[in-house]
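Notes for the one structure printed next.
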Amino acid sequence: MNSLIIEPIALANKNGQVTRSCHIVRIDNGIEVDRQILWFQFPETIDSPDAEDCDSYLLCILMDALTEAREIQIKGSVSLSLLSNLTEFQRAWHTLRPDLYSVVDITVDEIRKEIAEVEGAVCAFSGGVDSMFTAWQHSQKKNSYRTQTINFCSLVHGFDIPLEDTEAFSEAFSRSESVLDDINIPLIPIKTNYREMTQAKWDYAHAIALVGVLSNFKKKAGIILLGSTYPYSNLFTPWGSSPATDNLLGSNHFHVIHDGAAYTRTEKVNAIADWQVGIKYLRVCWQGAKKDRNCGCCEKCVRTQFNFLACGRDIPSCFPADTNLIACLKTFTLNTSGLRGAWQQIYDYALASGIGESWRKEIIRLIRRSQPGLFSFSKKGYVRKKLRARRKMKKQRAVSAK
């Protein structure tokens with residue numbers, strides 16, 4: 001069987017930054033066919049895991065190994081509880097996408113003894129609705145017994161903002177830092193080349209990669225908070241972040257909490273809408289040319305603006321003021337049931353509140369023309385009657401054939 005080998009490299013410290021890294025080696029039929037370096041870089045003020053600790057490397061590279069059906073050999077140490085959880089995680093993804101993911105063996109030079117969990121949490125922070133809601137709810141102690149003390153938040157350079165775009169990351173970090181300063185939470189940057197070297201499907205790998213990157217901070221926090229994407233009322237699978245699988249990405253000393261799934265996106269927006277500093281610097285866009293701000297007209301930007309409108313709020317200044325939202329809507333097609341559900345929830349929320357009669361019908365049109373197999377769209381509009389006629393004809397032919 002082909003294999004993937006993780007070989008940890010000694011820690012490096014330069015210009016106030018620690019770099020943790022490893023070789024990722026692919027072996028086909030006993031011959032080395034590829035060798036890459038996966039690295040993470042963060043401030044030296046953070047107490048780093050030992051060089052031989054391969055938890056973060058395993059998490060980041062696992063989806064590649066499952067895609068390529070490669071057994072994993074680790075020339076270092078991994079937590080026993082993490083290995084246990086990833087056994088089930090593999091089975092989950094093989095069940096969800098057997099056409100894409102295998103279940104592979106993992107061998108480790110050293111299975112590490114469990115260590116005491118550090119108190120407090122790190123919150124994965126992108127500046128978007130989900131992470132901002134999580135930071136706000138926990139900092140304001142609005143989660144009852146589930147409230148966590150957030151020691152710090154972290155923004156990853158190399159995920160939605162490419163490594164080469166240092167200016168955009170600097171600006172995004174500065175704005176996010178201003179937001180978190182308002183609620184007395186520090187922000188720590190971390191940089192990685194993960195997305196430059198992985199071949200894994202990002203829609204499925206983003207959560208495990210994020211946990212892998214932030215597990216470099218497990219000596220500073222014992223919990224990682226991941227803001228939910230989809231609510232319990234509209235769970236979409238397969239998807240990289242889910243309440244069913246996120247908890248399988250942690251260990252006994254670095255737990256993963258999938259946070260906020262009891263709320264729809266519109267409800268999250270309504271919860272943070274009075275946080276003036278937060279919504280001033282809200283950043284949801286990943287498609288625009290400038291990665292440190294919102295383009296205003298992509299699907300996610302437009303959807304977020306309708307989230308605000310649906311709960312009777314003004315669209316915040318973080319979005320361009322001159323966007324024709326209805327014109328944008330008419331250019332979209334919603335390719336997943338998750339997206340269609342997200343827009344349906346905007347419609348339902350607005351309808352229940354008696355808001356947006358002028359634009360609710362446009363949202364329904366968007367949802368309907370995006371329904372696969374139920375509606376057909378042409379220059380003349382919907383041809384629902386034709387589809388019904390075809391079904392009726394098929395039934396008549398089936399009866400005649402008997």
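The values are calculated or read from the model by the stated rules, or taken from the named source; none is laboratory data. This one's a predicted model, so the numbers in the text were calculated from it and none came from an experiment. With ideal geometry, Cβ positions are generated from the backbone for all residues, glycine too; neighbour counts draw on all protein chains shown.
Annotations
- Exactly one residue out of Cys54, Cys123, Cys60 is farther than 20 Å from Leu225 by Cα and either in the same structural domain as Ser170 (by TED's automatic domain parsing) or surrounded by 16 or more Cβ atoms within 10 Å (Cβ to Cβ) (or both): that is Cys54.
- Residue within the stretch 107-114 that is under 25 Å from the mean Cα position of the chain (by Cα) and either of a type in the set (Ser, Thr, Tyr) or not assigned by TED's automatic domain parsing to the domain that holds Val213 (or both) present: no
- Residues of the stretch 324-356 that turn out to be within 14 Å of Ala310 (Cα to Cα), assigned to a loop (DSSP other than H, G, I, E, B) and among the aliphatic types (A, V, I, L, M), as a count: 1
- Residue match in the stretch 17-38 (condition: closer than 21 Å to Phe254 by Cβ, of a type in the set (A, V, I, L, M, F, W, C), surrounded by fewer than 17 Cβ atoms within 10 Å (Cβ to Cβ) and at pLDDT 95 or above): no
- Only one of Lys191, Lys218 that is closer than 17 Å to Val256 by Cα, of a type in the set (Lys, Arg) and within 21 Å of the chain's Cα centre (by Cα): Lys218
- Residue in the stretch 154-164 that is surrounded by fewer than 20 Cβ atoms within 10 Å (Cβ to Cβ), free of Cβ contacts under 8 Å to residues at least 24 places away in the same chain and either in the same structural domain as Glu196 (by TED's automatic domain parsing) or on the phi < 0 side of the Ramachandran plot (or both) present: yes
- Selection of the stretch 50-101 for residues being touching a strand residue (DSSP E or B) at 6+ places or on another chain (Cβ under 9 Å) and of a type in the set (Val, Ile, Thr) yields Ile61, Ile72, Ile74, Val78, Thr87.
- Some residue of the stretch 274-289 being free of Cβ contacts under 8 Å to residues at least 60 places away in the same chain and closer than 23 Å to Leu235 by Cα: yes
- When each of Thr266, Thr229 is tested for being crowded, with 19+ Cβ neighbours inside 10 Å and part of a helix (DSSP H, G or I), the lone residue that passes is Thr266.
- Leading residue by the ranking (surrounded by the fewest Cβ atoms within 10 Å (Cβ to Cβ)) among those in the stretch 281-319 that are closer than 23 Å to Leu163 by Cα and of a type in the set (Gly, Ala, Ser): Ala289
- Filtering the stretch 248-263 to residues that are crowded, with 23+ Cβ neighbours inside 10 Å, in contact with a helix residue (DSSP H, G or I) (Cβ under 6 Å, 6 or more places away or on another chain), outside any helix (DSSP H, G or I) and of a type outside the set (Ser, Thr, Tyr) leaves Phe254, Val256, Asp259, Gly260.
- Among residues of the stretch 57-104 being of a type in the set (Asp, Glu) and more than 24 Å from Gln41 (Cα to Cα), the one that is farthest from the chain's Cα centre (by Cα) is Glu71.
- Yes/no for Val277 being hydrophobic (A, V, I, L, M, F, W, C), farther than 21 Å from Phe169 by Cα and in a helix (DSSP H, G or I): no
- Of all residues in the stretch 91-129, those satisfying the criterion of being in contact (Cβ under 8 Å) with a residue 40 or more places away in the chain, of a type in the set (A, V, I, L, M, F, W, C) and over 27 Å from Trp239 (Cα atoms) are Val108, Ile115, Ala116, Val118.
- Selection within the stretch 59-91 - assigned to a helix (DSSP H, G or I), out of contact with any Leu (no Cβ under 7 Å at 6 or more places or on another chain) and aliphatic (A, V, I, L, M): Met63, Leu66, Leu80, Leu82, Leu83
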